[in-house]
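Notes follow the structure.
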Amino acid sequence: MTMKTRLLLAGIALAGIAAFILSAGPSQASFLGDDLPAVVKKIAGEIKKGNAAEAKKLSAATVKNNKLIDEMSDLMHMYRPTDKGGLGIENDLKKANAKNAEEVANLVRAMAELTAAKGWAEPKGKRTKKAWNDFADEMRSAADGLAKAKTDKAATEAAGKVLNSCTRCHSVFKDS
Ligand code: HEC
């Protein structure tokens, strides 16, 4: 085999690998469907199992799929009550207890993952990309605390910290 042939074969192999990687994107996005609450639960499930990498991968695919998240409000809507098409996360945080703490915490961690993956696209004044990611991190850390809560009192306190992180981000990024 000449050097040229070898290089050519290597090139073909690389192109094949690239095509394979590219084709994995859209097929995964379509497998996610168009039911955002179900996808957030799925990501929370991966976090529960300790599959942080899979949760990250699913979140990256989700924010790129405009059938799932077209605008920021589509994502934020998940905090709303279940009868309004959300996951009832805000209400669950307000009545957090030892029993629901881990489950709500995993939903908030999934939301933090999605919030970071979505990112802030239009920096302006205090609304920087870094501030956005810092608030998402703050919410994730607060949720880690909630996941560990073993008593109702600890759950109430930890959930209060999560809700505080919501308010802090809203004070900078939310219009009303
Ligand atoms: C990283 C920043 C950030 C964090 C953290 C955050 N939010 Fe938001 N939230 C926003 C922004 C920005 C909007 C406005 C979205 C829009 O309408 O364009 C919003 C909107 C909302 C809405 C209105 C949704 C709708 O239906 O339009 C609710 C409810 C909400 N947030 C709840 C929460 C709760 C609860 C938490 C914490 C558990 C939280 N948010 C954490 C940035 C954040």
Legend entry - Residues A13 and A38, FRET efficiency given R0 of 35 Å [Cβ-Cβ distance, rounded to 0.05]: 0.40
Inset, instruction - Could you work out how far helix 3-31 tilts from the main Cα principal axis of the chain, as a 0 to 90 degree angle to the nearest 10? - result: 30
Inset, instruction - Please sort 89-98, 163-172 by packing, taking for each peptide the average over its residues of neighbouring beta carbons within 10 angstrom, highest first. - result: 89-98, 163-172
Legend entry - Angle in degrees between helix 152-173 and the longest Cα principal axis of the chain, rounded to the nearest 10: 60
Legend entry - Centre separation in Å (Cα based) which lies between segment 55-69 and segment 122-137: 20
Legend entry - Segments 50-62, 103-115, 123-135 sorted - mean Cβ within 10 Å per residue, highest first: 103-115, 50-62, 123-135
Inset, instruction - Calculate, in nm to one decimal, what F173 and K153 gain on full extension: separation in residues at 0.36 nm each, minus their alpha carbon distance. - result: 4.1 nm
Inset, instruction - Return one number: the angle in degrees, 0 to 90 and rounded to the nearest 10, between the long axis of the Cα atoms of helix 36-48 and the longest principal axis of the Cα atoms of the chain. - result: 90
Legend entry - Ratio of Rg to Rh over the chain (Cα coordinates, Kirkwood Rh, two decimals): 1.12
Inset, instruction - Enumerate the calculated ³J(HN,Hα) couplings along segment 64-69 in order (Karplus 6.51 cos²θ - 1.76 cosθ + 1.60, θ = phi - 60°), each rounded to whole Hz, writing x wherever the residue is Gly or Pro. - result: 8, 9, 6, 6, 9, 10
Inset, instruction - Of the listed pairs K95/K126; K56/K95; K99/K126, which have alpha-carbon separations greater than 30 Å here? - result: K95/K126; K99/K126
Legend entry - Student exercise, the chain dipole from Lys, Arg, Asp, Glu Cβ charges, in Debye to nearest 20: 460
Legend entry - Contact order normalised by residue count of the chain, Cα under 8 Å, 6+ apart, percent: 19
Inset, instruction - Figure the gain on full extension for T128 and A98 (residue separation times 0.36 nm, minus the Cα-Cα span) and round it to one decimal in nm. - result: 7.2 nm
Legend entry - Karplus-derived HN-Hα couplings along segment 111-120 (A = 6.51, B = -1.76, C = 1.60, θ = phi - 60°), whole Hz, x at Gly and Pro: 5, 5, 4, 5, 4, 5, 5, 5, x, 10
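Any read-out appearing in this document is the output of simple, stated calculations on the displayed coordinates, not a laboratory observation. Owing to the predicted nature of the structure, the values given are computational and were not obtained by experimental measurement. Ideal geometry is used to build each Cβ from the backbone, glycine not excepted, and the neighbour counts take in all protein chains shown.
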